[in-house]
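K.L.:
Handing you a structure now.
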């Protein structure tokens with residue numbers, strides 16, 4: 001089972017926020033973070049944590065940071081919020097691996 005907290009929050013521009021994702025799934029070593037902006041159906045990958053490293057998508061590096069150990073718990077840090085630009089639904093997911101080599105940008 002995957003748990004994300006807090007389930008909802010409000011923070012003003014310039015603020016900092018931390019979201020937590022945890023799981024208890026054996027042999028799952030990766031936690032991925034996604035952003036779904038208002039009015040969009042697609043989710044964008046922000047980054048992910050595995051037991052060895054953190055990987056961030058370039059377009060999110062300025063105001064987002066991922067930390068933690070994908071084997072149990074990982075965190076999404078939103079730094080210096082910019083109002084509507086960061087207003088979104090954020091999701092986490094657990095995975096066995098992070099082999100994203102088949103995805104093209």
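The values are calculated or read from the model by the stated rules, or taken from the named source; none is laboratory data. Worth saying up front: this structure is predicted, and the values here are computed from it rather than measured. Cβ coordinates were reconstructed from backbone atoms using ideal geometry, including for glycine residues, and neighbour counts include every protein chain displayed.
K.L.:
Only residues that are closer than 14 Å to residue 87 by Cβ and without any contact (Cβ under 8 Å) to a residue 12 or more places away in the chain: list them for the stretch 7-23, please.
P.N.:
8, 9, 10
K.L.:
Now for a different question. So if I check each of 102, 66, 89, which one is surrounded by fewer than 17 Cβ atoms within 10 Å (Cβ to Cβ), modelled with pLDDT of 90 or more and either in a loop (DSSP other than H, G, I, E, B) or on the phi < 0 side of the Ramachandran plot (or both)?
P.N.:
Answer to the check: 89.
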